[in-house]
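One structure below.
The values are calculated or read from the model by the stated rules, or taken from the named source; none is laboratory data. For clarity, every value in this text was computed on a predicted model and none was experimentally measured. Heads up, the Cβs are rebuilt from the backbone with ideal geometry, glycines too, and the neighbour counts pull from every protein chain shown. Heavy atoms of the whole protein, side chains included, go into the accessibility calculation; ligands, DNA and RNA do not. Shrake-Rupley method; radii C 1.70, N 1.55, O 1.52, S 1.80 Å.
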Amino acid sequence: MIWGERVRSVLLISTDTSLQAPLITHLKGKTDRSERIFSLLSSRGFTPGIQTKNSEARENLLRALLSEDPEDLFELRLNTGMSESDYRRVGQCLETMREQGVLVICLDDKAGSEISPNDRHLREMISGWVQDQQWGAAISFKGESLENQRNPKLEDPTVCLLTAAFTLGGCKFPQRMFSSGMNSVGHMLSGFGWMR
């Protein structure tokens, strides 16, 4: 994914429909970054859980994506059912992790998923978010944000994850779209990339 560049810390973000609140899982390395994520989310009004466990599946996935194993690996699993603005606040919280050199990968790892980054509906949705962001920056109603007027709960795990990723990516359309076969067994990797 980033050939020739050493990645020391990786944050995976995924969704889990069985959770009631975000859950931080420390998978490998020092715990200070996991604790930092806990502090960032808590300071924004979230009540995340935190746990330590090993995940061979996640480590194997990263071996396929990166040229070297990272020293620190942690995962934030988001619950579904929060508002769009809540997922955007998660993205805003975690922007600081990117600034500290942490590679953030959002994984929508559904088995047998037919979703493609070239999916017209997904691209139109992201384009709509970009336009909303531009209008929101240009117009304000005496300090009242348009976001506060409409806050439906999001239940689709893909939309929840993309909303957080969009905010993490600076609220711009992704600079990269990729889709490729990872191996002869048919495992696929596809997605969007927001570059720094």
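Some notes on this structure:
- Looking only at segment 4-60, and only at residues there that are within 14 Å of residue 74 (Cα to Cα), of a type in the set (A, V, I, L, M, F, W, C) and touching a helix residue (DSSP H, G or I) at 6+ places or on another chain (Cβ under 8 Å), the one that is most open to solvent (accessible area, probe 1.4 Å): 50
- For segment 9-42, a residue qualifies if it is within 16 Å of residue 96 (Cα to Cα) and touching a residue at least 24 places away in the same chain (Cβ under 8 Å), and the qualifying residues are 9, 10, 11, 12, 13, 33, 34, 36, 37, 40, 41.
- Within segment 47-65, being within 16 Å of the chain's Cα centre (by Cα) and over 17 Å from residue 108 (Cα atoms) holds for one residue alone: 48.
- Index of the failed condition, residue 45 passing every other in (1) in contact with a strand residue (DSSP E or B) (Cβ under 7 Å, 6 or more places away or on another chain); (2) at positive phi: (1)
- Any chance residue 18 is under 28 Å from residue 172 (Cβ atoms), outside any strand (DSSP E or B) and more than 15 Å from the chain's Cα centre (by Cα): no
- Test: residue in segment 78-95 that is free of Cβ contacts under 8 Å to residues at least 40 places away in the same chain, part of a strand (DSSP E or B) and not small (Gly, Ala, Ser): no
- Residue among 114, 59 that alone is at pLDDT below 90, charged (D, E, K, R), at negative phi and in a loop (DSSP other than H, G, I, E, B): 114
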